[in-house]
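> Take this structure first; my questions come after.
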Amino acid sequence: MTQPIEDYALIGDLMTSGLVGRDGSIDWLCLPRFDSAACFTKLLGDEENGHWRIAPVDAEDGEPCTRRAYIDGTLVLESYWVTDTGTVKVIDFMPQRDVAPDVVRIVEGVSGTVRMHSTLRLRFDYGNVVPWVRRVEEDRVAIAGPDAVWFRSTPPVRTWGEANSTRSQFPVSAGRRVAFVLTWHPSHEPCPDPCDPFDALEQSVAGWREWSSQCRYEGPYKEAVNRSLITLKALTYAPTGGIVAASTTSLPEELGGVRNWDYRYCWLRDSTLTLGSLLATGYLDEARAWRAWLLRAAAGDPADLQIMYGIAGERRIPESELPWLGGHASSAPVRVGNAAVNQLQLDVYGEVIDSLHVARAAGLPSEHHAWRIQLALLDFLERNWQRPDEGLWEVRGPRRHFVHSKVMAWVAADRAVQALERDPSLPGDVERWRAMRDAVHLDVCTKGYDPVRGTFTQYYGSSELDAATLLIPRTGFLPPEDPRVVGTVDAVRAELGRSGLVRRYTTEGPSVDGLPGDEGAFLACSFWLADALYLTGREEEARGLFERLLAVRNDVGLLAEEYDPLTGRHLGNFPQAFSHVGLVNTALILTGGTDGSTGGSTDGSTGGSTAESGDGSTGRPTQAG
């Protein structure tokens, strides 16, 4: 039986992650990277597609634990089972690796005696390949093609094979601990040395607590902010600094629907808001690493800039379907890769330039080549901003002149103007970028605003609305008190609202995205509404919405991409970085911290920040390749 999305908790080692259900089953695990093929894929199929459950023998399939929580300040999960014969807890985590990825599960008796069972079904290639399992002394090794997984227990317990699975049963009394370690390595290489699970637990708790103690946020929502920051850290690929949008693929935006996408990649548009949240809460190392990833990804011919990249900056992310998987809650197809990588989305140029602007304004040391990259991006955008595109939401319908894309083109020009006004020694033509900024502003206000309804629309000539227009006051395109901003906020809340939360856009009738079906309220957009309400002077309404959004989090503080207020179900990929970034930034706004937005100059006046310093060159980069 498929567990609801909100029943899962995240574990990870800063290179990959897994999801542990309330029933004690790990139903999703990709090894060795976030974007690798899963070896546990029950999340998108059934138990024959791979999972690993540890629970009391008497607990029926699907029966949840009594309670669970992360150890404070960490990504170490504790799940408690209270039975008729005693109480036991299962500790789940992934140690930050030295060589190979490990999944550690420690069963510890709390009181009485509880008989436990472990059922391990390894299925490589997203549940499609049953490995050959053999015994090596007290261990088990499963091999198929390029993958090898070792399975060990400490102390050893009786283990046997049955129905293409590896099973164990063992009693646990108060004070006794039994640990299982699952280790992956390439099948052509020797098995790495086993980790000590109990030492690994101590080190993991200490390491996570040391990291989370660096948080500078001290407001009333500290617990929620810390959990969101830990989640963002867990979604970071440590070797490169790239942050994946989510740990999963194909969790549906509508149960039983087809809006199922792979989010295990890094989106450029997440950069500004993510950088802002990291910088404002004191995580400068993570912000520097994310900026470095961004600069590497954006380097090259500006015409080739993609909206997303692989976690190491890979450009090829071909999309395909996995027909042997029925999908979460029968939501097919299951997709890997993402064809939106080939779309034209002009807003990303503005987001990249704004990200570098935010980083410089926060005092990150400049990168000598960053300004040259920005000038190249601006040059491309100046020649192309009047083109239609697929827009922020990656629609798979026709290209259109999306208002948000145009606003972000204005942001790109505005940040360049601010930089050159602040530091005239930088190479670049400030009058050129002022002219572009003014032209874009006039174009948006003339063609993207409906004066009859008093709101900005989704695209030129449209009567539809778009929650992305809630970002207009954050960007500085118009001040919050402007009647056009207030009108847009009110219209979006009224027409895109769903039980007080906000959808991205309407899906009724002929949808702009070219897809059938519906979707839930988009949580990042709901945080944007709270921001916009606050900025337009409605602080109590903003705070009420924010606290309602906090209540949407699951029992361990995690958020998916979307939420259905009618059923109380989480929807979309999980946990979603964009949702947790929204939570952090809204908490900062409501408590007087910086929100990561830099604003802008709407009348040609000088802003208060600069972009990256230049290196005295002409500003034109050498093209890659």
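The values are calculated or read from the model by the stated rules, or taken from the named source; none is laboratory data. These figures come from a predicted structure and were not determined experimentally. Note that we place each Cβ from the backbone using ideal geometry, even for glycine, and neighbour counts take in every protein chain shown.
> Being in a helix (DSSP H, G or I), out of contact with any strand residue (DSSP E or B) (no Cβ under 9 Å at 6 or more places or on another chain) and not charged (D, E, K, R) is the filter here; which residues of the range 182-207 pass it?
Matches in the range 182-207: GLN203, ALA206, GLY207.
> Next up: Can you find a residue in the range 511-521 that is free of Cβ contacts under 8 Å to residues at least 40 places away in the same chain and not acidic (Asp, Glu)?
No: the range 511-521 contains no residue that is free of Cβ contacts under 8 Å to residues at least 40 places away in the same chain and not acidic (Asp, Glu).
> It is to be established whether one or more residues within the range 471-485 are at pLDDT 95 or above, outside any loop (DSSP other than H, G, I, E, B) and farther than 21 Å from ALA524 by Cα.
yes
> Just give me the residues in the range 284-318 being within 21 Å of TYR217 (Cα to Cα) and touching a helix residue (DSSP H, G or I) at 6+ places or on another chain (Cβ under 7 Å), in sequence order.
Residues satisfying the conditions are GLU286, ALA287, TRP290.
> Are any residues in the range 165-181 closer than 25 Å to GLU47 by Cβ, part of a strand (DSSP E or B) and either out of contact with any helix residue (DSSP H, G or I) (no Cβ under 7 Å at 6 or more places or on another chain) or at pLDDT below 95 (or both), and if so, which ones?
Hits for the range 165-181 are THR166, ARG167, SER168, GLN169, PHE170, PRO171, VAL172, VAL178, PHE180.
> Let me ask something else. If you take the residues of the range 62-77 that are assigned to a loop (DSSP other than H, G, I, E, B) and aliphatic (A, V, I, L, M), which of them is farthest from GLY12 (Cα to Cα)?
So the residue we want is ILE71.
> I'm checking my understanding of the structure. Among residues of the range 385-424 that are assigned to a loop (DSSP other than H, G, I, E, B) and among the aliphatic types (A, V, I, L, M), which one is surrounded by the most Cβ atoms within 10 Å (Cβ to Cβ)? Spell out how you get there, then give the answer.
As a first pass, look at the range 385-424 and keep what is assigned to a loop (DSSP other than H, G, I, E, B): 385-388, 390-399, 401, 423-424.
Remaining after also requiring among the aliphatic types (A, V, I, L, M): 392, 395.
On the way: LEU392: 25, VAL395: 23.
Residue satisfying both the conditions and the ranking: LEU392.
> Take the range 125-140 and flag every residue that is over 26 Å from ALA59 (Cβ atoms) and either in contact with a Leu (Cβ under 6 Å, 6 or more places away or on another chain) or in a strand (DSSP E or B) (or both).
TYR126, VAL129, PRO131, TRP132, ARG134, ARG135, VAL136, ASP139 - these are the residues of the range 125-140 that are over 26 Å from ALA59 (Cβ atoms) and either in contact with a Leu (Cβ under 6 Å, 6 or more places away or on another chain) or in a strand (DSSP E or B) (or both).
> Would you point out which residue out of ALA238, ALA206 is farther than 25 Å from THR586 by Cα, of a type in the set (A, V, I, L, M) and without any contact (Cβ under 8 Å) to a residue 12 or more places away in the chain?
Selected residue: ALA206, the only one of ALA238, ALA206 that is farther than 25 Å from THR586 by Cα, of a type in the set (A, V, I, L, M) and without any contact (Cβ under 8 Å) to a residue 12 or more places away in the chain.
> For VAL341, are the conditions met, namely being among the β-branched types (Val, Ile, Thr) and under 25 Å from ASP35 (Cβ atoms)?
For VAL341, the condition - among the β-branched types (Val, Ile, Thr) and under 25 Å from ASP35 (Cβ atoms) - is met.
> Of all residues in the range 78-124 being of a type in the set (S, T, N, Q) and not in a strand (DSSP E or B), which is farthest from TYR237 (Cα to Cα)? Step through it out loud before you land on a result.
Filtering the range 78-124 down to residues of a type in the set (S, T, N, Q) leaves 79, 83, 85, 87, 96, 111, 113, 118-119.
In the following step, the residues that additionally are not in a strand (DSSP E or B) were identified as 83, 85, 96.
Numbers: THR83: 39, THR85: 42, GLN96: 11 Å.
Applying the filter and picking the extreme gives THR85.
> Within the bounds of the range 608-625, is there any residue that is modelled with pLDDT under 95 and either of a type in the set (A, V, I, L, M, F, W, C) or part of a helix (DSSP H, G or I) (or both)?
The answer is yes, given that some residue of the range 608-625 is modelled with pLDDT under 95 and either of a type in the set (A, V, I, L, M, F, W, C) or part of a helix (DSSP H, G or I) (or both).
> In addition: Scan VAL99, VAL88, VAL76, VAL82 and give me the residue that is among the hydrophobic types (A, V, I, L, M, F, W, C) and without any contact (Cβ under 8 Å) to a residue 24 or more places away in the chain.
VAL82 is the lone residue from the list that is among the hydrophobic types (A, V, I, L, M, F, W, C) and without any contact (Cβ under 8 Å) to a residue 24 or more places away in the chain.
> If you don't mind, another one. Which of the residues belonging to the range 509-547 are over 25 Å from the mean Cα position of the chain (by Cα) and at pLDDT 95 or above?
LEU535, THR536, GLY537, ARG538, GLU539, GLU540, GLU541
> Hey, another quick one. What do you reckon, is ALA491 in contact with a strand residue (DSSP E or B) (Cβ under 9 Å, 6 or more places away or on another chain), modelled with pLDDT of 95 or more, over 30 Å from ALA9 (Cα atoms) and not hydroxyl-bearing (Ser, Thr, Tyr)?
Yes, satisfied.
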